[in-house]
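Notes follow the structure.
The values are calculated or read from the model by the stated rules, or taken from the named source; none is laboratory data. Remember, predicted model here, so these are calculated numbers, not experimental data. Cβ sites come from the backbone with ideal geometry, for glycine too, and all protein chains shown count toward neighbours. Keep in mind that these areas ignore ligands, DNA and RNA; they rest on the heavy atoms of the full protein, side chains included. Shrake-Rupley method; radii C 1.70, N 1.55, O 1.52, S 1.80 Å.
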Amino acid sequence: MTVSRRLAAEALGTAMLLAIVVGSGIMGERLAGGNPAIALLANTIATGAGLFVLILTFGPISGAHFNPAVTLAVLARRGIGARAAGGYVLAQLAGGVAGVWTAHAMFAEPLLQLSVKARDGLPQGFAEAVATFGLIGTILAAQRFRPQATPAAVGLYITAAYWFTASTSFANPAVTVARSLSDSFAGIAAHSVPLFVAAQLTGGAIALGVFGWLLQGELQGECPQ
C-alpha cells in the first residue's frame, strides 16, 4: 500500500470518527429532552459501533490508528517508521478537524466554533490516563492473540469506557483537539486540552511498558515445563 493511500485512509477514517462522535452527540442532545444520560447513551452506541466499522474498513489499508497515541505505540514497537508516524499524526489531526466541520454542516451548526465545556481537574486527567492505558492494552493484546477480533475489542472497550471513566474516555489526542472546535455535547474547552493530551500520552506510555512485559513469551499452556 502506498504512503499516500495510507495517509489518506488515516485522515478519512479520523474524519469519519469525529463526524460520528460529534454528530451523534448533537443528535442525542436534541432528542434526549434534557436528559444527559440518554444523550450520552446515544453518543456511546454510535461511537462504539462506528469504531468497529471504521477499523474493519481502514485496517487493511493503514492499520486504522485514527489516534496519535496508537501511532506512537506502534512506533515504539517498531511497527512504523518515524517519518510515516509523523505523517499519520498530521493526517489524524487534519482529519479530525474536517470531521467536526462535517458534523456541524450536517446539523446546520456554525462550522467554526470553540467549545466552552470545561473538563478540568486531576480526576478527569487520571480518567484519561486510565482510558488510554486500557485502549492501548486492548489493542496490544488483541493483536497478539486474536488480530481478527481487534475491531470488536476496540469498539466494545470504548463503549464501556464512555461509562466507567469520569472523562467519558476521549483516549485520543487528535479527537481531543478536534472536539475543542465544537461547542456541542461532545466538546471540550481549549484550556482543558493540555491536561487531557498529557494524560493520554502518559497512559499510553505506561500501557506500553506493562503490556509489553505481560505479552512477552509463549501463550499460557505452551510454556516449557
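Of the helices (runs of 4 or more DSSP H) lying entirely inside the stretch 108-225, the ones with 1 or more residues being of a type in the set (Phe, Trp, Tyr) and buried (at least 20 other Cβ atoms within 10 Å of the Cβ) are found at 122-145, 150-164, 193-214.
Take the residues in the stretch 1-47 that are of a type in the set (D, E, K, R) and touching a Phe, Trp or Tyr at 6+ places or on another chain (Cβ under 9 Å); name whichever of them is least open to solvent (accessible area, probe 1.4 Å). Top of the filtered list is 10.
If a residue must be out of contact with any His (no Cβ under 7 Å at 6 or more places or on another chain) and under 13 Å from residue 57 (Cβ atoms), how many such residues does the stretch 9-38 contain? So the answer is 8. Filtering the stretch 14-48 to residues that are within 28 Å of residue 87 (Cβ to Cβ) and of a type outside the set (Ser, Thr, Tyr) leaves 15, 16, 17, 18, 19, 20, 21, 22, 23, 48. For residues that are surrounded by fewer than 24 Cβ atoms within 10 Å (Cβ to Cβ) and assigned to a helix (DSSP H, G or I), tally how many sit in the stretch 71-107. So the count comes out to 21. The requirement of being farther than 25 Å from residue 149 by Cβ, among the aliphatic types (A, V, I, L, M), assigned to a helix (DSSP H, G or I) and without any contact (Cβ under 8 Å) to a residue 60 or more places away in the chain is fulfilled somewhere in the stretch 40-63, by at least one residue. Within the stretch 152-176, residues that are within 18 Å of residue 122 (Cα to Cα) sit with their Cβ atoms under 8 Å from residues that are basic (Lys, Arg), at 6+ positions apart or across chains, in these pairs: 167/119; 170/179.
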